[in-house]
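Values in this text are rule-based calculations from the coordinates and carry no lab data. This is a predicted model, so every value here is computed, not measured. Counting neighbours? That spans all protein chains shown, and the Cβs are built from the backbone with ideal geometry, glycine included.
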Amino acid sequence: MSKQVLQLEPDSELHFKGPFNDVVTSHLKLSNPTDKRICFKVKTTAPKRYCVRPNSGILEPKQAVQVAVMLQPFEYDPTEKNKHKFMVQTMIAPDGDVNQDTVWRDANPESLMDSKLRCVFEMPTEAAPQNNLDVSTSHGDEKGAAPKGECAPKSPKASNLEADLKKATEECRRLREEVASLRQENAALKEDGLRQRMLQTAATSETVTSHAAPETTSQMTHRTKEMSMAHPSGVSPLMLTLFAFVMVVTGMLVGKWLF
């Protein structure tokens, strides 16, 4: 294993300052003081916990690159021992075009150089949730507890919420009363309409009856006159038919007797 040719800043530890409920970024500067092109690659023992940009590349002579190491959010436990580490692996780049996938696979292990860095988590005292709780508790102790039988003053938000709730309740009660009133008016209108229809039906029936009686009497009188004119003697059609038949038979007998 060759000696590392790149210069690392920092060279041994990467510090991450909490709180850790969001992404925390630590920067690593890689400098190439040589006259050769250097391939580099950044590895970690906890790849699921970190995002590294860039995590590999080629550093030109006398150039430097800033690597961002981003720690993903997690629940910080101060009693948990941190064992996360990073390794910067380098090698002198071959001449010509370099394929990052094959150059590391085909590299001679003796030509590889590496540097290791330890991760350090720092939680500020004022940012710790327990400390915030302690501070608020201490302030409460200094002010003293409220006397028994006395309620703590309501916050403006709680008062506004109660006022809005009361207003909404009154509005609901008013709407229910309006609905009940509209239902009563609707029922009264339906009853009045039914009464009007019944009266109209009764009036129409009486009108039809008064017009129909004289017409029926006149029709009966006309029919009686027609019958009296058709049969002035009061003889029924059946009697006339029988009389004609007798006359025919009598004529036939007389004719037969004469001839």
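A few points about this structure:
- Restricting the range 34-115 to trypsin sites (Lys or Arg not before Pro) that sit in a DSSP loop and have at most 14 other Cβ atoms within 10 Å of their own Cβ leaves 36, 48, 49, 62, 81, 83.
- Inter-label distance for residue 70 and residue 29, nm, one decimal - labels placed 7 Å from Cα along Cα-to-Cβ: 2.2 nm
- Violating pairs (Cα-Cα greater than 31 angstrom) within the set 3/48; 17/116; 36/83: 36/83
- Converting phi to 3J(HN,Hα) with the Karplus coefficients 6.51, -1.76 and 1.60 and the offset θ = phi - 60°, the range 95-105 yields 6, x, 6, 10, 9, 5, 6, 8, 5, 7, 5 Hz in sequence order, with x at every glycine or proline.
- Karplus-based coupling profile of the range 52-60, in residue order and whole Hz: 10, 9, x, 9, 6, x, 10, 9, 6, with θ = phi - 60° in 6.51 cos²θ - 1.76 cosθ + 1.60 and x standing for Gly or Pro.
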